[in-house]
Amino acid sequence: MIEYTQMEAWFLTGSQHLYGPETLRQVDRDSRAIVDGLNAAGTLPVKIVFKPALKTPEEIAAALRDAEASPSCIGVVTWMHTFSPAKMWIGGLSRLRKPLCHLNTQFNRDIPWSSMDMDFMNLNQSAHGDREFGYICARLKVRRKVVVGHWQQPAVQERIATWLRAAAAWSDSQSLKVARIGDNMRQVAVTEGDKVEAELRLGYSVNGFGIGDLIARVEAATDEQIDHLCDQYASSYDMADALAPLGPRHDSLREAARIEVGLRAFLEEGGFHAFTDTFEDLHGLAQLPGLATQRLMADGYGFGAEGDWKHAALVRSLKVMGHGLPGGSSFMEDYTYHLDPLAPAVLGAHMLEVCPSLAAARPSCEVHPLGIGGKSDPVRLVFDAATGPAVLASVIDMGSRFRMVVNVVDVVEPFEALPKLPVARALWKPRPALETAAAAWIYAGGAHHTAMSLALNPEHLEDFAVMAGIEYVLIDENTDLRQLRNELRWNDAAYDR
Ligand code: MN
């Protein structure tokens, strides 16, 4: 359900007629070589498409208008091989809404010391041509990413790849439909928010549905569909004995499968790629959807518990950004601290809904009581998360704006076995340290819910936040608490106008 093959980004090279047709032909040859080289490198997840050099305001406006109108174009990469007087770009750029990556590169990596002449100087001007372009972007407040370096360098290609992933998620977010089944958990603040502003700012639409709309699909599930899913479960997970076909709790597994059939049907019929539920409104459902939610997330759906539509959409965006990369993404919640001064760590989990794409090994499928909600015991997948660097991201509504808070963490193996904890979990050490990271997160107002990814780094999220024009607060190895508190104060001044 996530596909990059229909997407492309356009490579737009700025120039002007001053240099004559021979030089302009060379500009096109060089641009095409860069595009072919970038596509052949194998680093970029989305195809780059060459466009002939732009030499007039009319050509620039037309190219950007076409990019805006093209359903497959997710953004533009710009490069000024020669000097391209930037007043020519005002009309086009001021109407561009799609993401822009300004690549400040040069066709040749090195100065050709022995052969360099004035012809070379006339052709290879990006060191100053890209500054002229940078000025007009700054003047017009164009949201953009600037990447500097030689186009054949892996680090440069990696930064473009990161931007393309963010642009893919941004494109997805523009048509994303989030189904909100039930309202937010009563009295909870951070899961609230302005859904009109979210659609305006982030593109996705959030609409509510009564639990009855879901129940109708759950009740329509056939025995054949349920049998088929139970077979899938048995082949995918280590099944608890009680849930096996002749086990005493097999009915619970069949009920979980019935919910999955119904939930999938509901989401597919409505074209929803993200959803929420709430344990406070399960009227007609036998159990809180655990296994179904986990498996839908693994297939690429966004999910937020307790009506948390902002994190449902964010999980979906992380899924799109991380498509094809090693490491999964999931809904997550900071649950419990380990405050041993020698090894402080955070245990993250949720009641049930952690995506098995994070799992270090084959999950086990179990059934246990939930303790809240007053429903039957829900079936869930239990596992430890894989280890490695990860990002935790949260989007909150500050009233006047959305703020994205991101913390870089290192997921580690649990220090000891957790034989009685019946939920999937991840143990991590936040950067720079638990005390600083948690204080920074709390000062910033980040939610207890997050979207977690072992596939992404903070640059993916920063690029996405820039595309959305929302505030971005990063907590990582360089975070200094006093500096961060100042940054929050200054951001208030910058945004609350
Ligand atoms: Mn929760």
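The values are calculated or read from the model by the stated rules, or taken from the named source; none is laboratory data. This structure is a prediction, so every number in the text was calculated from the model and none was measured. Cβ atoms come from the backbone with ideal geometry, glycine included; neighbour counts cover every protein chain shown. Please note that ligands, DNA and RNA were not included when accessible areas were found on the heavy atoms of the full protein model with its side chains. Shrake-Rupley method; radii C 1.70, N 1.55, O 1.52, S 1.80 Å.
Over the stretch 67-219, what relative contact order in percent results from Cα pairs under 8 Å that are six or more residues apart?
Numbers: 178 pairs, mean separation 34.6, N = 153.
Dividing the mean separation by the residue count of the stretch 67-219 yields 23 percent.
Can you give the helix-only mean residue ellipticity at 222 nm for the chain, where every DSSP H stretch with n ≥ 4 adds -39500 (n - 2.57) and the sum goes over all residues, rounded to the nearest 500 deg cm²/dmol? Display every interim value, and only then the final one.
Working: 15 runs with 189 residues, N = 497.
So the calculated ellipticity at 222 nm is -12000 deg cm²/dmol.
Under Stokes-Einstein, with the Kirkwood radius over Cα pairs standing in for Rh, what whole-number D in µm²/s applies to the stretch 99-207 at 37 °C and 0.692 mPa s?
Details: Rh = 17.9 Å.
Reported coefficient: 184 µm²/s.
Would you please state the base-10 log of I(q)/I(0) at q = 0.14, 0.18, 0.23 1/Å for the stretch 307-414, with intensities from the Debye formula using one equal scatterer on every alpha carbon?
Result of the Debye calculation: -0.69, -1.09, -1.43.
Taking +1 at the Cβ of each Lys and Arg and -1 at the Cβ of each Asp and Glu, which of Q152, W428, L214 sits farthest along the dipole of the chain towards its positive end, judged by Cα position relative to the Cα centre?
Q152
Given an 8 Å cut-off on Cα distances and at least 6 residues of separation, report the relative contact order of the chain as a percent. Each step should come with its number before you reach the end.
Working: 1044 pairs, mean separation 62.7, N = 497.
Relative contact order, the chain: 13 percent.
For the chain, what is the charge dipole size about the Cα centre, in debye to the nearest 20, if Lys and Arg each add +1 at the Cβ and Asp and Glu each add -1 at the Cβ?
Working: 47 positive and 63 negative charges, 322 e Å.
Here the size comes out at about 1540 debye.
Just how many pairs of Lys in the chain have C-alpha atoms closer than 15 Å, counting pairs that are eight or more places apart or on different chains?
Within the chain, the lysine pair count is 9.
Over the stretch 283-325, give the accessible area per residue in Å² for a 1.4 Å probe, as an integer.
Computed with neighbouring chains in place, this is 16 Å² per residue.
Using only alpha carbon positions, build the gyration tensor of the chain, then give the equivalent ellipsoid semi-axes as the square roots of 5 times its eigenvalues, largest first, whole angstrom.
Numbers: eigenvalues 425, 115, 91 Å².
Ellipsoid half-lengths, sorted descending, are 46, 24, 21 Å.
For the stretch 126-132, in order, what is each residue's ³J(HN,Hα) by Karplus, 6.51 cos²θ - 1.76 cosθ + 1.60 with θ = phi - 60°, in whole Hz (x at glycine and Pro)?
After applying 6.51 cos²θ - 1.76 cosθ + 1.60, I find 5, 4, 9, x, 6, 6, 4 Hz.
For the stretch 16-140, list log₁₀ I(q)/I(0) at each q in 0.16, 0.18, 0.22 Å⁻¹, using the Debye formula over Cα point scatterers of equal strength and ignoring solvent, two decimals each.
-0.83, -1.05, -1.50
Label 7 Å along Cα→Cβ of F415; the stretch 318-346 residues with amide nitrogen under 17 Å?
Residues passing the 17 Å test: 335-346.
Specify the longest stretch of the chain that does not include any exposed loop site, a site being one of the chymotrypsin sites (Phe, Trp or Tyr not before Pro) with a non-H, G, I, E, B DSSP assignment and at most 12 other Cβ atoms within 10 Å.
114-414
Once fully extended, how much extra length lies between E280 and S175, figured as 0.36 nm per residue of separation less the alpha-carbon to alpha-carbon distance?
On the way: separation 105, 0.36 × 105 = 37.80 nm, distance 2.88 nm.
Using 0.36 nm per residue and subtracting the Cα-Cα distance, I get 34.9 nm.
Could you check how much of the accessible area of the chain is carbon and sulfur, as a whole percent, using a 1.4 Å probe?
Working: 11160 of 21360 Å².
In the chain, the share of accessible area belonging to carbon and sulfur is 52 percent.
Using the Cα atoms of the stretch 130-288, I'd like the radius of gyration and the largest Cα-Cα distance, Dmax, both in angstrom.
So, for the stretch 130-288, Rg and Dmax equal 23.0, 73 Å respectively.
So what is log10(I(q)/I(0)) for the stretch 445-497 at q = 0.23 1/Å, when the Debye sum runs over its Cα atoms only?
Values returned for q = 0.23 Å⁻¹ are -1.17.
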